[in-house]
Each structure stands twice: as structure tokens, then as C-alpha cells.
Amino acid sequence: MPKRLMQGVVVSDKGDKSVVVKVERTFLHPLLRKTVRRSKRYHAHDEGNAFKTGEVVTIQECPPKSKLKRWEVVGRVGA
């Protein structure tokens, strides 16, 4: 089974070798037929502390690295 990829914005880079990425998704409400935005924060592994707050990055599923980290940063988007 392929690993999931998601795109989001780094909202925190305070942890060592860790970043928090906010991923936003949109969907159509089933009853109201209105576009709804939902966001979720993922803790991701950043080996070289290369990514800073505000950057748009791609994250990929990986085996657990710690209690919260189940994702790793693949790279920047558009750079």
C-alpha cells in the first residue's frame, strides 16, 4: 500500500528535529451543500531542522518515530 502524502503549512518548528504542520482540507457539506474548511495538525520528523514556520511543505507517512510523530517532511512546495 502506498504511503499517504499531504501538503500543509509549518506552524511550529520549536522542537528538535520536529515540526508541526497544519493541513487544511475542504469538502462539501452533505445537507447544506456549502464548502466547509477543516484543518488538522500533524507532528512531523525534520532530520536537519531545515524547515521554518510559514513554509509550505509535503509530509509523508512513516513508521512511528516517537509518541506523536508518525509523519516525516519530504520537501518544500514550489521551491
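Where a number appears in this text, it was derived from the coordinates with a stated rule and is not lab data. These numbers come from a predicted model, not from an experiment. Neighbour counts are summed over all protein chains in view; Cβ atoms, including those assigned to glycine, are modelled from backbone coordinates with ideal geometry.
Using only alpha-carbon positions, what ratio does the radius of gyration of the chain give when scaled by 2.2 N^0.38 Å?
Cα-based Rg divided by the globular estimate yields 1.20.
Quick check on the exposure proxy: order Met1, Met6 from fewest to most C-beta atoms within 10 angstrom.
Fewest-to-most ranking of Met1, Met6: Met1, Met6.
With 10 angstrom as the radius, rank Asp13, Asp46 by how many other C-beta atoms surround their C-beta, starting from the fewest.
Result, fewest neighbours first: Asp13, Asp46.
Tell me which GluC sites (Glu not before Pro) from region 1-76 have a DSSP coil assignment and no more than 13 other beta carbons within 10 Å of their own.
When the GluC sites (Glu not before Pro) of region 1-76 are filtered for loop state and at most 13 Cβ neighbours within 10 Å, Glu47 remain.
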